[in-house]
1. When only residues in region 44-64 that are open to solvent by 50 Å² or more (accessible area, probe 1.4 Å) and assigned to a strand (DSSP E or B) count, which is farthest from D87 (Cα to Cα)?
2. Does L77 fit the bill of being at pLDDT 95 or above, closer than 17 Å to N12 by Cα and out of contact with any Ser or Thr (no Cβ under 6 Å at 6 or more places or on another chain)?
3. Output the residues belonging to region 70-85 that are surrounded by fewer than 15 Cβ atoms within 10 Å (Cβ to Cβ) and at negative phi.
4. Is one or more of the residues making up region 14-33 part of a strand (DSSP E or B), within 19 Å of S2 (Cβ to Cβ) and either modelled with pLDDT of 95 or more or in contact with a Ser or Thr (Cβ under 8 Å, 6 or more places away or on another chain) (or both)?
5. Taking T106, is it out of contact with any Leu (no Cβ under 7 Å at 6 or more places or on another chain), among the hydroxyl-bearing types (S, T, Y) and either at pLDDT below 95 or open to solvent by 20 Å² or more (accessible area, probe 1.4 Å) (or both)?
6. Write out, first by first residue and then by second, each pair whose Cβ atoms fall under 8 Å of each other, whose residues are 6+ apart or on separate chains, and whose first residue, in region 22-42, is within 13 Å of G10 (Cα to Cα) while the second is assigned to a strand (DSSP E or B) and of a type in the set (S, T, N, Q).
Amino acid sequence: MSRSEIVQAGLNAILENLSGLEQQFFEATTSRPRHRVVLDDSYKVTLSKEGYTRSGLRNIYYTIVFTKNDQDTGEGLNFYVHNPSTDDPSVNRKAVASAIKYFLSTGSTITMRDVDANDFRDV
């Protein structure tokens with residue numbers, strides 16, 4: 001089953017905005033920034049950095065939430081960036097872009113993704 005048009009539009013909007021987002025979105029830190037895109041009068045999509053784990057398998061946890069009239073549509077997505085760069089946030093930004101592109105290429109039953117930032121070092 002393919003993703004709804006509004007989810008596809010929201011993912012594309014977030015993807016287009018990635019290059020302009022604050023660096024703290026992609027830093028391996030515990031900051032929790034959010035970025036909201038208004039798609040029309042009733043739909044919004046929010047990319048949130050929900051956390052960072054330094055012990056064991058290091059990762060940054062992100063969510064993408066879609067709302068209509070400020071109510072969650074239940075079409076949310078989650079992903080982890082494993083082994084995030086602690087000195088080059090652009091590596092982590094590439095990993096985030098990869099996760100979003102993955103969601104754009106998959107059906108609505110896929111709601112979770114793990115991405116390894118090591119795949120984007122020196123790319």
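The values are calculated or read from the model by the stated rules, or taken from the named source; none is laboratory data. Fair warning: this is a prediction, and the values are worked out from it, not measured in the lab. As a convention, Cβ positions derive from the backbone with ideal geometry for all residues, glycine included, and neighbour counts pool all protein chains shown. Just so you know, the surface numbers come from the protein's heavy atoms only, side chains and all, with ligands and any DNA or RNA stripped out. Shrake-Rupley method; radii C 1.70, N 1.55, O 1.52, S 1.80 Å.
1. The first filter runs over region 44-64 and keeps only residues open to solvent by 50 Å² or more (accessible area, probe 1.4 Å), leaving 53-58, 61.
Those still in the list that are assigned to a strand (DSSP E or B) too: 53, 61.
Values: T53: 16, Y61: 18 Å.
Residue satisfying both the conditions and the ranking: Y61.
2. For L77, the condition - at pLDDT 95 or above, closer than 17 Å to N12 by Cα and out of contact with any Ser or Thr (no Cβ under 6 Å at 6 or more places or on another chain) - is not met.
3. Residues satisfying the conditions are Q71, D72.
4. Looking through region 14-33, none of the residues is part of a strand (DSSP E or B), within 19 Å of S2 (Cβ to Cβ) and either modelled with pLDDT of 95 or more or in contact with a Ser or Thr (Cβ under 8 Å, 6 or more places away or on another chain) (or both).
5. Yes, satisfied.
6. From region 22-42, the pairs are H35/T46; H35/S48; R36/T46; V37/T46.
Residue-by-condition table, conditions (1) buried (at least 20 other Cβ atoms within 10 Å of the Cβ); (2) over 25 Å from N118 (Cβ atoms); (3) more than 10 Å from the chain's Cα centre (by Cα); (4) of a type in the set (D, E, K, R):
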{"residue": "L18", "(1), (2), (3), (4)": "no, no, no, no"}
{"residue": "Q24", "(1), (2), (3), (4)": "no, no, yes, no"}
{"residue": "D41", "(1), (2), (3), (4)": "no, yes, yes, yes"}
{"residue": "R93", "(1), (2), (3), (4)": "yes, no, no, yes"}
